[in-house]
Amino acid sequence: MKIMESDFLTLLAIILGVSALVVFLLHKLKIPSLVGFLVAGVIIGPHGVGLVRDTHAVEVMAEIGVILSFRAGAIDHEPQRGKHKGMSLISFISLLTP
């Protein structure tokens, strides 16, 4: 099943909005943001409130998130003291790997 662009954007807006709200609220309680994202996923997922029922679309967004987190990790370690020149190659490969 193909994901329509408007459905994808709506789904993305729901996920980002609920995640931001939950992370903000849990941050006030001094709970790490990772826990907030997990709680948000449980709340909006198909076994929670059910705001998001299309698990394929969520899998696609999860893969994009993994790629972006690899990219962010590579950027964090890349230019420091010139020791990790291989990190630019890892950074480039992380962009190409789905």
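Quick notes
- Within the option set 27, 47, being modelled with pLDDT of 80 or more and not in a helix (DSSP H, G or I) holds for one residue only, 47.
- Residue within the stretch 64-76 that is part of a loop (DSSP other than H, G, I, E, B) and either of a type outside the set (A, V, I, L, M, F, W, C) or at pLDDT below 70 (or both) present: no
- Residues of the stretch 21-34 that are loosely packed, with under 14 Cβ neighbours inside 10 Å and among the hydrophobic types (A, V, I, L, M, F, W, C): 21, 24, 25, 29, 34.
- Residue count, the stretch 1-51 (criterion: of a type in the set (D, E, K, R) and over 19 Å from residue 64 (Cα atoms)): 2
The values are calculated or read from the model by the stated rules, or taken from the named source; none is laboratory data. Keep in mind that this is a model prediction, so the values were computed, not measured. Positions of Cβ are generated from backbone atoms using ideal geometry, with glycine treated the same way; all protein chains shown enter the neighbour counts.
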